[in-house]
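Asks: Submitted below is the structure of interest, expressed as structure tokens.
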Amino acid sequence: VHTQAAGVLLILSFNDDNKLKIANEGGIPPFIAFVRDGSAEGKTKAAEALLNLAANNNDNKVKIAIEGGIPPLIALVRDGSAEGKTQAAGVLLNLTSNDDNKGKIAKEGGIPPLIAKVRDGSAEGENTAAEELVNPGAQKNDKEVQESIQRGDRSVKERERDGSDEGKTPDAEHNINH
């Protein structure tokens, strides 16, 4: 029943007006709980719904982070099904348009599973993870974040060398060369 309800809300989340209604009615925390505790299918649907809710909506990007969405999304990238990993990496990519979220993703340990996704995932997932890795963190003075970003840059260089054409983005090339 929970997975079906998440599926319905997922479909509703494609509409901009519904994004606001879902978020304003407290819909973000249950999706985060599904990402953390749901079945493999539930986690994937919940991550996809979060992706839709965050798309072109800065308030929802902030809400997802404030409500504790980043750690379970990172866990899903690390341990989820192939589709769950792809959806979760997409949400994290979307959240990085907010500077505060960039630092949170790095500090919560998001970079290593994204590097693994770049190395081991599907072409689509590798592209999403590669985009996430080349979007520089906002915390320029935090040594740990910078070291993670540097490790990510090396992974992107490897991706550029070994990956599919889909993962070889101009942004990745720019960030590696500058």
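The values are calculated or read from the model by the stated rules, or taken from the named source; none is laboratory data. Predicted model, so just to flag it, every value in this text is computed and none were measured. With ideal geometry, Cβ positions are generated from the backbone for all residues, glycine too; neighbour counts draw on all protein chains shown. Only protein heavy atoms, including side chains, enter the accessible area calculation; ligands, DNA and RNA are left aside. Shrake-Rupley method; radii C 1.70, N 1.55, O 1.52, S 1.80 Å.
Asks: Determine whether the range 29-39 contains at least one residue that is surrounded by fewer than 20 Cβ atoms within 10 Å (Cβ to Cβ) and more than 22 Å from residue 65 (Cβ to Cβ).
Replies: yes
Asks: Mind counting the residues in the range 35-62 that are small (Gly, Ala, Ser) and under 12 Å from residue 23 (Cα atoms)?
Replies: Of all residues in the range 35-62, those small (Gly, Ala, Ser) come to 38-40, 42, 46-47, 49, 54-55.
Subset that is under 12 Å from residue 23 (Cα atoms): 49, 54.
The number of residues fulfilling the criteria is 2.
Rundown of residues vs (1) in a helix (DSSP H, G or I); (2) aliphatic (A, V, I, L, M); (3) closer than 25 Å to residue 25 by Cα; (4) open to solvent by 10 Å² or more (accessible area, probe 1.4 Å), yes/no style:
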residue: 43; (1), (2), (3), (4): yes, no, yes, yes
residue: 51; (1), (2), (3), (4): yes, yes, yes, yes
residue: 61; (1), (2), (3), (4): yes, no, yes, yes
residue: 75; (1), (2), (3), (4): yes, yes, no, yes
residue: 88; (1), (2), (3), (4): yes, yes, yes, no
residue: 91; (1), (2), (3), (4): yes, yes, yes, no
